[in-house]
Structure formats: C-alpha cells, structure tokens
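As structure tokens, the structure follows; a few thoughts come after it.
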Amino acid sequence: MLKDGDKGVIIQRDKQTYAVAPHIPCGVIKPETLRKLADVAEKYQAQALKITSAARIAIVGVQEQDVESIWSELGMSPGAAVGLCVRSVKACPGTTFCKRGQQDSLTVGLELDGKYHGTELPGKIKIGVSGCPNQCAETCIKDIGLVGTLKGWRVLAGGNGGARPRLAQEIARDLSTEQALDIVDKIVDFYKSNAKKHQRLGAMIEKMNIEEFKTAVVSE
C-alpha cells in the first residue's frame with residue numbers, strides 16, 4: 001500500500017483509496033486542463049473532485065492500481081501536499097483582476113511558487129500573497145505573507161493555523177516588490193539554517209525574539 005506522498009498521493013479516510021492532487025500554481029488553470037481533470041476523474045471513477053485550501057483540484061477516491069495511469073494521462077506534476085517543504089503559495093487576483101487590488105499579488109505569487117514550491121525545509125511552510133489589506137490569501141495565518149498596500153508591500157512571518165493557531169507578525173512595510181522578495185529569500189534561508197525538524201517558523205520566532213528575527217532577515 002502506498003503511503004502519503006508516495007507517487008504524489010494522499011491516502012483517504014477509508015485507508016483503501018487515494019487522492020491525487022496535481023500542482024496548480026496559485027490556483028490559475030486553463031480550460032483544457034480542467035477538462036482533462038474531469039475526463040480522468042470520470043474514467044477512473046473517482047468519488048469526487050475537491051478544490052483544496054491550497055487552490056488545487058484533487059481527484060479523490062481513486063484506486064492504487066490506477067495511480068500511475070492517472071498521472072501519465074494528466075501530464076501534470078504533483079502538488080506538495082505533504083512533507084517538510086514549502087507546501088503551497090496562495091495568491092489572490094490582485095491588480096491583475098480585482099478592483100480592490102493595490103499590488104500585483106498574482107505575478108508575485110507565481111514567481112514565489114516557481115522558486116519555492118516543494119523546496120525541502122526543516123518543517124512545512126505555507127506562503128500567502130494578498131494584493132490588498134483584505135488579505136483574501138489568508139496571509140495573516142501563513143508562515144510567510146505578503147500584503148499589498150498603496151505604499152508597497154508588508155511582509156508578515158510566523159503565522160499558522162492548526163491546533164495552536166498563531167497570527168503572523170509584521171517584519172517590514174512599504175517595500176518595493178524587489179525588496180519584499182529579497183526578505184522572503186532571507187526568511188527562508190534563516191529558517192532553513194536555524195529551525196529544528198518539524199518546527200514551524202512561528203514557533204522558532206517565539207523561541208528567539210521578534211526583534212532579533214527582524215534584524216536577521218531585514219536589511220537596512
């Protein structure tokens with residue numbers, strides 16, 4: 001029997017069937033890919049198609065013997081739904097589509113996704129990019145969050161959901177896109193070098209001092 005993460009699958013509650021969750025960067029998908037997902041789900045008699053919290057479309061309730069054929073027919077890479085890595089980059093429509101957008105969150109989110117999705121780290125990391133202070137990408141509970149304002153980007157760090165939810169803290173504000181992306185790089189590098197295995201970024205920040213953390217990742 002496959003384990004979670006083997007061949008890009010997640011075992012389901014019945015311990016017999018699996019979910020296949022292809023990677024869909026920032027939830028943006030073409031009509032032909034949607035049709036392919038639907039066709040494959042029907043062909044292999046999946047129990048459901050589920051839009052996930054990471055903006056993926058999971059094919060739920062498929063048989064183990066069908067997994068390799070499903071991936072072959074989809075021609076898509078697996079989403080990093082499990083493991084100690086950058087699990088997801090969630091981005092709102094931002095100035096690309098949304099009338100409330102103040103910064104280009106979708107372009108920035110896709111850039112971060114291309115750079116970091118699936119990157120192995122001491123613990124799991126979730127990234128959010130919101131184009132305005134409404135934070136539709138749930139940036140306040142992401143390990144790393146960017147929030148667009150009229151003056152530039154705010155960078156947040158240390159948020160998470162789960163049994164012990166934690167709000168992210170502001171690291172810097174009024175940044176250009178280049179400056180914000182530079183700080184994200186520094187946060188990831190610092191976390192990779194200093195966190196214990198399975199330790200979330202917020203827990204690491206709590207063990208040190210927020211000002212010490214800011215000093216480590218924010219350039220003057």
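Can you confirm whether segment 28-42 contains a residue that is more than 28 Å from L106 (Cβ to Cβ) and open to solvent by 50 Å² or more (accessible area, probe 1.4 Å)?
The first filter runs over segment 28-42 and keeps only residues more than 28 Å from L106 (Cβ to Cβ), leaving 42.
Narrowing the set further to residues that are open to solvent by 50 Å² or more (accessible area, probe 1.4 Å) leaves 42.
Yes, some residue in segment 28-42 is more than 28 Å from L106 (Cβ to Cβ) and open to solvent by 50 Å² or more (accessible area, probe 1.4 Å).
Can you find a residue that is open to solvent by 50 Å² or more (accessible area, probe 1.4 Å), on the phi > 0 side of the Ramachandran plot, in a loop (DSSP other than H, G, I, E, B) and of a type in the set (G, A, S) anywhere in segment 111-127?
Of segment 111-127, the ones open to solvent by 50 Å² or more (accessible area, probe 1.4 Å) are 111, 114-115, 120, 124, 126.
Next cut, on the phi > 0 side of the Ramachandran plot only: none.
No - not one qualifying residue is present in segment 111-127.
Confirm whether T107 is part of a helix (DSSP H, G or I), of a type in the set (V, I, T), closer than 30 Å to K151 by Cα and modelled with pLDDT of 95 or more.
On the way: part of a helix (DSSP H, G or I): yes; of a type in the set (V, I, T): yes; closer than 30 Å to K151 by Cα: yes; modelled with pLDDT of 95 or more: yes.
Judged against the criteria, T107 is a match.
When you go through (1) over 12 Å from the mean Cα position of the chain (by Cα); (2) touching a residue at least 40 places away in the same chain (Cβ under 8 Å) one by one for I127, which number turns out not to apply?
Result: I127 fails condition (1) only.
Enumerate the pairs (first residue in segment 161-177 and within 16 Å of I144 (Cα to Cα) and of a type in the set (V, I, T); second residue anywhere and open to solvent by 30 Å² or more (accessible area, probe 1.4 Å) and outside any loop (DSSP other than H, G, I, E, B)) with beta-carbon separation below 6 Å, excluding pairs fewer than 6 apart on the same chain, so at least 6 apart or on different chains.
Every condition considered, the pairs that remain are I171/K214.
Please verify whether segment 44-62 includes one or more residues that are in contact with a Pro (Cβ under 6 Å, 6 or more places away or on another chain), closer than 25 Å to I127 by Cβ and crowded, with 17+ Cβ neighbours inside 10 Å. First the steps, then the outcome.
Start the filter on segment 44-62 by keeping residues that are in contact with a Pro (Cβ under 6 Å, 6 or more places away or on another chain), which leaves none.
No - not one qualifying residue is present in segment 44-62.
Restricting attention to segment 187-203, report how many residues are part of a helix (DSSP H, G or I) and surrounded by fewer than 16 Cβ atoms within 10 Å (Cβ to Cβ). Outline the logic, then answer.
Just the residues of segment 187-203 that are part of a helix (DSSP H, G or I), to begin with: 187-194, 201-203.
So of that shortlist, the ones also surrounded by fewer than 16 Cβ atoms within 10 Å (Cβ to Cβ) come out as 189, 192-194.
Result for segment 187-203: 4.
Can you confirm whether segment 146-165 contains a residue that is more than 25 Å from L110 (Cα to Cα) and modelled with pLDDT of 95 or more? Before the answer, list the steps.
The first filter runs over segment 146-165 and keeps only residues more than 25 Å from L110 (Cα to Cα), leaving 162-165.
Keeping just the survivors that are modelled with pLDDT of 95 or more gives 165.
Yes.
Of all residues in segment 142-171 being in contact with a Lys or Arg (Cβ under 6 Å, 6 or more places away or on another chain) and basic (K, R), which is least open to solvent (accessible area, probe 1.4 Å)?
Per the criteria, the residue is K142.
Would you check if there is a residue in segment 162-180 being farther than 19 Å from C92 by Cβ and in a helix (DSSP H, G or I)? Talk me through it step by step, then tell me what you get.
Looking only at segment 162-180, we keep the residues that are farther than 19 Å from C92 by Cβ, and these are 162-166, 169, 171-172, 174, 176, 178-179.
From what is left, the residues that are in a helix (DSSP H, G or I) are 178-179.
Yes; the residues of segment 162-180 include at least one that is farther than 19 Å from C92 by Cβ and in a helix (DSSP H, G or I).
When you scan segment 79-93, do you find a residue that is under 17 Å from D143 (Cβ atoms), open to solvent by 30 Å² or more (accessible area, probe 1.4 Å) and free of Cβ contacts under 8 Å to residues at least 60 places away in the same chain, even just one?
yes
Quick check on D143: is it at pLDDT 95 or above, charged (D, E, K, R) and within 17 Å of R173 (Cα to Cα)? Show your work before the answer.
Values: at pLDDT 95 or above: yes; charged (D, E, K, R): yes; within 17 Å of R173 (Cα to Cα): yes.
Answer is yes for this residue.
Please specify each residue of segment 63-78 satisfying the condition of being surrounded by fewer than 17 Cβ atoms within 10 Å (Cβ to Cβ) and not small (G, A, S).
We begin by selecting, within segment 63-78, every residue surrounded by fewer than 17 Cβ atoms within 10 Å (Cβ to Cβ); these are 63-65, 68-69, 72-73, 75, 77.
Listed by number, the residues that qualify are Q63, E64, Q65, E68, E73.
The values are calculated or read from the model by the stated rules, or taken from the named source; none is laboratory data. Predicted model only: the values in this text are computed from it and were never measured. Every residue, glycine as well, gets a Cβ built from its backbone with ideal geometry; the counts of neighbours run over all protein chains shown. Each accessible area value is taken on the protein alone, full model and side chains, heavy atoms only, with ligands, DNA and RNA left out. Shrake-Rupley method; radii C 1.70, N 1.55, O 1.52, S 1.80 Å.
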